[in-house]
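Asker: Pasting a structure here, questions to come.
The values are calculated or read from the model by the stated rules, or taken from the named source; none is laboratory data. Keep in mind the model is a prediction, meaning the values are calculated, not measured. Cβ placement follows ideal geometry from the backbone for every residue including glycine, while neighbour counts extend to all protein chains displayed. The accessibility values were calculated without ligands, DNA or RNA, using every heavy atom of the protein model including side chains. Shrake-Rupley method; radii C 1.70, N 1.55, O 1.52, S 1.80 Å.
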Amino acid sequence: ACSSLESRSTEILAITAPWDLIIVGDYGGRLIAAGEIDRGLKLLQRAAGDGGVRPSWHHFHLFLASYMTGDMAEATRQAAAMTSDTYSHGLLARALTAAANGDWEKTRTTLDGLVGLRKAWRDSPRGELEKYISSPVIVDRLVRDLATAGLAAARVAASPSDVTTLPPGNGMPTM
């Protein structure tokens, strides 16, 4: 069934791709969120071509692909491209890359902005992530990294073995 669905998706993309790159980009982003990073990244990159301004959801999926493959320089660049303080995906990306880069002050203020924008991030970060990321592997990694970054509820949501490896102080260094 999966190969049939994949075949049908490829057929639809072949028909629409020359005219509707939004569909190609959206499908690529959904593949990334489902854990098919390489395949999704190729489609997302094709959707934007060499020019054009990318919508913020393109940047988020490019961030996610880079972050999950360990390319922190590119993940940081994509996170920085999402400048709105009212776009939770952008705040999430900026908080995670700030933590990965050791900028704890920026991590703290960005997480505060994320929780201020939507309290559900404080109470159930896993639930928020699962709304738009279907890969359990990606959700688990982001929840773990949010816990390390200092989001208290993420620390509770991480498995007990992950929590014991976190530094004291809710994952944040004391200032």
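Asker: Return yes when Ala100 is out of contact with any His (no Cβ under 6 Å at 6 or more places or on another chain) and closer than 22 Å to Gly25 by Cα and no when it is not.
Answerer: no
Asker: Then there's this: For the stretch 22-34, which positions are among the hydrophobic types (A, V, I, L, M, F, W, C), more than 8 Å from His61 (Cβ to Cβ) and crowded, with 18+ Cβ neighbours inside 10 Å?
Answerer: Val24, Leu31
Asker: Also, I was wondering about something else. Would you say Asp20 is of a type in the set (D, E, K, R), modelled with pLDDT of 90 or more and more than 13 Å from the chain's Cα centre (by Cα)?
Answerer: No; evaluated as a whole, the condition is false for this residue.
Asker: Also: Return the residue satisfying two criteria in turn: it lies in the stretch 104-151 and is outside any helix (DSSP H, G or I) and of a type in the set (Gly, Ala, Ser), and of such residues it is farthest from Thr69 (Cα to Cα).
Answerer: Here the answer is Ser124.
Asker: Residue pairs, Cβ under 8 Å, 6 or more apart or interchain, first in the stretch 70-93 and in contact (Cβ under 8 Å) with a residue 40 or more places away in the chain and of a type in the set (A, V, I, L, M, F, W, C), second assigned to a helix (DSSP H, G or I) and open to solvent by 40 Å² or more (accessible area, probe 1.4 Å). List them.
Answerer: If the second residue must be assigned to a helix (DSSP H, G or I) and open to solvent by 40 Å² or more (accessible area, probe 1.4 Å), no pairs are left.
Asker: Name the residues in the stretch 104-122 that are touching a Lys or Arg at 6+ places or on another chain (Cβ under 6 Å) and either surrounded by fewer than 15 Cβ atoms within 10 Å (Cβ to Cβ) or among the aliphatic types (A, V, I, L, M) (or both), would you?
Answerer: Matches in the stretch 104-122: Val115 only.
Asker: Are there helices (runs of 4 or more DSSP H) fully within the stretch 46-103 with at least 1 residues that are touching an Asp or Glu at 6+ places or on another chain (Cβ under 9 Å) and open to solvent by 40 Å² or more (accessible area, probe 1.4 Å)? List them.
Answerer: 56-68, 88-100
Asker: Pick from the stretch 123-155 the residues that are in contact with a Gly (Cβ under 9 Å, 6 or more places away or on another chain) and without any contact (Cβ under 8 Å) to a residue 40 or more places away in the chain: which of them is surrounded by the fewest Cβ atoms within 10 Å (Cβ to Cβ)?
Answerer: Within the stretch 123-155, the match that is surrounded by the fewest Cβ atoms within 10 Å (Cβ to Cβ) is Pro136.
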